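First comes the structure, then the notes that go with it.
The values are calculated or read from the model by the stated rules, or taken from the named source; none is laboratory data. All values derive from a computational prediction rather than experimental measurement. Cβ coordinates were reconstructed from backbone atoms using ideal geometry, including for glycine residues, and neighbour counts include every protein chain displayed.
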């Protein structure tokens, strides 16, 4: 995570500032350039997702969304249980 933050900061996509509530921490937020990059990336991602799902029926899309939602629940459960177990596929 630290390397990702450093890379984004070096590319001027993030702003760092001291945390007003804790001198040992910093607050990291998107810069104007970072907000634009995130907006542009989301737009591209939505187009890719639409293309990927373009031949799916409504029922298939619903099933896909339900399955992905279950995957997110499983990830959240893993994180809430300490996240230290080895995941197997």
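A few notes on this one:
- The sole residue among 51, 62 that is exposed (fewer than 10 other Cβ atoms within 10 Å of the Cβ), out of contact with any helix residue (DSSP H, G or I) (no Cβ under 9 Å at 6 or more places or on another chain) and either at pLDDT below 95 or not in a strand (DSSP E or B) (or both) is 51.
- Test: residue in segment 27-41 that is at pLDDT 95 or above, in a loop (DSSP other than H, G, I, E, B) and in contact with a helix residue (DSSP H, G or I) (Cβ under 6 Å, 6 or more places away or on another chain): no
- Qualifying positions in segment 25-45 - closer than 19 Å to residue 3 by Cα and exposed (fewer than 11 other Cβ atoms within 10 Å of the Cβ): 25, 29
- Whichever residue in segment 12-24 is touching a residue at least 12 places away in the same chain (Cβ under 8 Å) and outside any strand (DSSP E or B) and, among such residues, is nearest to the chain's Cα centre (by Cα): 13
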